[in-house]
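The values are calculated or read from the model by the stated rules, or taken from the named source; none is laboratory data. Because the structure is predicted, anything quoted here is derived from the model rather than measured. Note that each Cβ is placed from the backbone with ideal geometry, even for glycine, and that neighbours are counted across all protein chains shown. For accessibility, only protein heavy atoms count, side chains too; no ligands or nucleic acids. Shrake-Rupley method; radii C 1.70, N 1.55, O 1.52, S 1.80 Å.
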8 protein chains.
Amino acid sequence: MDEIDRKILSVIQRNSDIELKKIGVISGLNSPSAVSRRIGYMKNAGIIENNISLIDYKKIGFSFYTITFVRAKYGKDYYKDLGKALMVLPGVISVDFLLGDIDFVLYTINRDAEEYQKLMDVLTTMDGIVRTDSHVILTNFSRDNYSNINL
Amino acid sequence: MDEIDRKILSVIQRNSDIELKKIGVISGLNSPSAVSRRIGYMKNAGIIENNISLIDYKKIGFSFYTITFVRAKYGKDYYKDLGKALMVLPGVISVDFLLGDIDFVLYTINRDAEEYQKLMDVLTTMDGIVRTDSHVILTNFSRDNYSNINL
Amino acid sequence: MDEIDRKILSVIQRNSDIELKKIGVISGLNSPSAVSRRIGYMKNAGIIENNISLIDYKKIGFSFYTITFVRAKYGKDYYKDLGKALMVLPGVISVDFLLGDIDFVLYTINRDAEEYQKLMDVLTTMDGIVRTDSHVILTNFSRDNYSNINL
Amino acid sequence: MDEIDRKILSVIQRNSDIELKKIGVISGLNSPSAVSRRIGYMKNAGIIENNISLIDYKKIGFSFYTITFVRAKYGKDYYKDLGKALMVLPGVISVDFLLGDIDFVLYTINRDAEEYQKLMDVLTTMDGIVRTDSHVILTNFSRDNYSNINL
Amino acid sequence: MDEIDRKILSVIQRNSDIELKKIGVISGLNSPSAVSRRIGYMKNAGIIENNISLIDYKKIGFSFYTITFVRAKYGKDYYKDLGKALMVLPGVISVDFLLGDIDFVLYTINRDAEEYQKLMDVLTTMDGIVRTDSHVILTNFSRDNYSNINL
Amino acid sequence: MDEIDRKILSVIQRNSDIELKKIGVISGLNSPSAVSRRIGYMKNAGIIENNISLIDYKKIGFSFYTITFVRAKYGKDYYKDLGKALMVLPGVISVDFLLGDIDFVLYTINRDAEEYQKLMDVLTTMDGIVRTDSHVILTNFSRDNYSNINL
Amino acid sequence: MDEIDRKILSVIQRNSDIELKKIGVISGLNSPSAVSRRIGYMKNAGIIENNISLIDYKKIGFSFYTITFVRAKYGKDYYKDLGKALMVLPGVISVDFLLGDIDFVLYTINRDAEEYQKLMDVLTTMDGIVRTDSHVILTNFSRDNYSNINL
Amino acid sequence: MDEIDRKILSVIQRNSDIELKKIGVISGLNSPSAVSRRIGYMKNAGIIENNISLIDYKKIGFSFYTITFVRAKYGKDYYKDLGKALMVLPGVISVDFLLGDIDFVLYTINRDAEEYQKLMDVLTTMDGIVRTDSHVILTNFSRDNYSNINL
């Protein structure tokens, strides 16, 4: 990882469709193939995971977003098993395990309160969950704004 | 938006590098150009926002992740101005405005505690912020796992 | 549902004794029978549920009002069964199931603290209730002020 | 107020459209005019306030219900002025002033989160409000179930 | 109970050693025996319970005062049995059962932290107690200041 | 202070009307005058403060008891001035200043919620009070049960 | 313990390497052997426990410090057994048992979040621990600054 | 820093009076002078800060220990200035600045509640302190138990 790699990542974390040539200009490489080689190397190293399309889910009928806190029951490997079970639930976009009095924070996206209620129905019967606390998101100012990371 | 559009989005929200032909097979379109036309239409409608590369920031030296709660001072347009000011701060990846006793939830990614402390130095002098409450993320089970959304 | 229906509802949600003729004038219908027809239609559709008399219970000896929070134990259908059990308890006027760290909010009206204590005696032995938290209402500024709804 | 009055109220708090004759049978009066006299007396005494139609607002597009807590700033007559200001806000159905660490509890009914946000915009700029805390109602088991009051 | 009784109580709740004659002057009775009769009557009615000497326990080696909150486990008669068990524990001066999220408030007086710890050792093994929360009293401004009651 | 003094206090803290002779028997003194001398000495030393009559205020119309928490504003001598101001308010029976997140605990006795509301009206306009939090006492198991103190 | 002993302790609690002669000058003793005698006496009495070297652990790779609250399950000797079990865990520097709603406060020093996670893995499976709540220390202004104690 | 240095630190963090020869045996150095050289090097590097005597303050009249939380007012460099001001207050043994809803944690040692109250009198008038929350330590299981650190 050198400064050139960082510049490449700075570009593609925001837009992965930019031409290799243009990325080269920004990062100081004079051939598209050099850019390509470095991207390939970073993919192999697992630094670049995937290219995805960002969707505006609000536009296709998803209007019920929440931050949901989950408190788990203590026990052997309590957070690992639960973390894995949570990360595959429909509507759960991210699962983070925290230090402090909250165990997990889920980011959820659902069509409406009813669909969310179905997710809650699953959560409240899952082994290892003691309490949940849901907060409805009124306004999503930015999500996945990775361009804020100064590489 | 019909079922075919939904199938296309289901694919590209996970992987935007898949060949148009393959997307066609999955979504039931028999020509890559038909896929391309629909993707173009959804881009114009703002449903597809952008293609980006997902980076594993842990692998390039970012090891201090937090969920930070922000409580704002009430006043005219209190949350709009503050929301906009928060979403451009370095290290702040997402900004959500919530119903309830927390106003904003920030997701932050920094190299280490010191770099995060610099972000805190900004937050604690920003007009309109009354309190913050930071929770260190120990394990990130999944983030941006949009494949959990049943389109 | 059109604008005329809305005007009719605006009137009768506040006062169901108003003459059909008068409602017609307000809503722009020129015959009482047209008003009547529309009311009948909305009754059949379940939009109008019932006519009731509002009683000032304070005047007939009910002086102990509370908002009581109930926290339930998680489990299959945990909130549905409990919600139904709560809604028939004497003195319980409304039962709402919430998102967040409170599960149910009850509005209770009793003659005095002793009568309320009897309700508490039931709540604290009900299966599925973990904790209650009662808040005495000192002043009831308005209740069932449906005229605040802009139809 | 005697037992007969109580029986009359028991009936009409649930259904004000019941025939006087039937009310007479239930309450032990043998003439509709005796029922009518007593109802008239209780109206004059302010015991019976009004007859209203109960509307199922969910059926006409109101799907965003909340319980909203309000904490007020202390000062002379702090709760009286604020209570009055709150009870006329659009979407606010009831306003209760409590003993304890919550000052006011509002019951709100709005079409959707956006309409509620407008109410919040008013609340957060009102003089005398320090904090609000909103809880979305997922299920309304019963509201205005006055038949639970044992008269 | 008339105004004269109230005046008598006003005096003796502060000082039960005042001469009957003097109490008569204050309460408007012209004979000590009339005062005596009324006091006797109020004793029989249980209005006057007892005469006691107030002791300044700080002066005789008791320097560890607390307010201790107790949260009880729900169940049949949960608060009655526990209340009775609490009111005989050494060092526990008063036991009150509250509405809200605290069940019992104890006022305790002990010689020092060690003696209090022994009380805690009992509390933490008592059936029906879920949690306690102790607050050390730094300054006791007034206790048993019944003269503040306007009879 | 010796063992005999302690025995005398043990008796009179519960009942100050017991004959000196009887107190002598209990405490091991063979003359009433010796008891009297020791009581006199302890009065001079401020150990015995006063004799009072305990009143059952519930029996004479006081039915609204609370524990009220008060949070004060920091500043020079903040708790001393406020403590003194609180201890003379009508209906306030005891005032204790605590370590921890509650500053003052008041024990209040009033006729009813309205009378208490008047006390609240004073508290909420007093300089130096930031918040109050009132808890209604449902059952008073024991108060001033000094016989629990093992002298 | 006299004033001279206090002066000796004042010196050596900050620096135990100071020459006896110098300590003598500060504490008013004119011979090093008199200082030595007094130190020996205080060691025998258990007043002086040990001499230790203070290490700057940050400099040798320990960068993850926390204050961790532990809530224990009630039961016979609940805090004694748990306290002892906690005080030998690797990374736990101090264990204090508190009055109030927190039971134990741990001060922990670990190399990084992963090492701390291993400590958490132990805590969350220990018998008798109900909840933990970890707070990361961003800046350690002073620790073991015993020179602040005015002997 | 190598394994030998670590072994030396492991010894002297517990006991700095151990003979150099013995330390040599434990750490695998065959001459006291080699131990001495390494200790000198680590002192110069600031790894070893100081040798101090641990005092059992309970034995010399200090019996009031607390953990005190401090919440600070936000502003430029808010925590740095306050942290420095706190670390020199008499009775304050450690000052740590935390992530989360508590700003500072103080460890205090005082003779008794009165002496602590004087410290509180300072804290409650200090610029920049919004609230404090004190927790009395009942039992100190271990403090400065650096031997728990696996070097």
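Data overview
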quantity: Chain E: calculated mean residue ellipticity at 222 nm from DSSP helix runs of at least 4, using -39500 (n - 2.57); calculated: -10000 deg cm²/dmol
quantity: Per residue accessible area in Å² of region E:36-99, where ligands, DNA and RNA are left out and the probe is 1.4 Å; calculated: 41 Å²
quantity: Carbon/sulfur fraction of accessible area - the protein assembly as shown, other protein chains in place, 1.4 Å, %; calculated: 50 percent
quantity: Using alpha-carbon coordinates, inclination of helix B:32-44 to the longest axis of chain B, degrees; calculated: 30 degrees
quantity: Shape box of region A:88-131 [Cα atoms, principal axes, largest first, Å]; calculated: 31, 20, 17
quantity: Two-decimal Rg/Rh across region F:1-92, once Rg and the Kirkwood Rh are taken from alpha-carbon atoms; calculated: 1.16
quantity: Cα-Cα over 32 Å, subset of E:Lys21/E:Lys84; E:Lys43/F:Lys21; F:Lys84/H:Lys73; G:Lys21/H:Lys43; calculated: E:Lys21/E:Lys84
quantity: Candidates G:Phe69, G:Phe141, G:Phe97, ranked by Gaussian network fluctuation over chain G, Cα under 10 Å, top entry; calculated: G:Phe141
quantity: Positive dipole terminus of region E:1-68, leading residue within E:Ile8, E:Ile18, E:Gly46 (C-beta point charges); calculated: E:Ile18
quantity: Of A:Tyr116, A:Tyr41, A:Tyr107, the one that fluctuates the most in a GNM where chain A has Cα springs shorter than 10 Å; calculated: A:Tyr41
quantity: 5 angstrom amide H check on G:Ile55, placed H, neighbours 5+ away; calculated: H:Glu49
quantity: Gap separating the Cα centres of region G:5-78 and region A:82-133, nearest whole Å; calculated: 50 Å
quantity: Net dipole in debye of the protein assembly as shown [+1 Lys, Arg Cβ; -1 Asp, Glu Cβ; about Cα centre; nearest 20]; calculated: 0 debye
quantity: Heavy atoms of A:Met87 accessible to a 1.4 Å probe, total area in Å² rounded to 10; calculated: 50 Å²
quantity: For region C:22-141, the spread of Cα positions along each principal axis, largest first, Å; calculated: 57, 40, 22
quantity: Given charges at Cβ of Lys, Arg, Asp, Glu: region G:84-151 dipole, positive-most of G:Pro90, G:Met126, G:Phe141; calculated: G:Phe141
quantity: For the protein assembly as shown: span of alpha carbons on each principal axis (Å, largest first); calculated: 115, 115, 44
quantity: Pair B:Asn150, G:Glu115: separation of 7 Å Cα→Cβ label points (nm); calculated: 4.7 nm
quantity: Relative contact order (%) - chain F, alpha-carbon pairs under 8 angstrom, separation at least six; calculated: 25 percent
quantity: For the axis carrying chain B to chain F: nearest C-beta residue of B, whole Å; calculated: B:Val130, 7
quantity: Magnitude of the charge dipole, region F:47-151, Cβ model with Lys/Arg +1 and Asp/Glu -1, debye to 20; calculated: 0 debye
quantity: Residue of C:Ile129, C:Ile52, C:Ile23 that the Gaussian network model of chain C assigns the largest fluctuation, springs spanning Cα pairs under 10 Å; calculated: C:Ile52
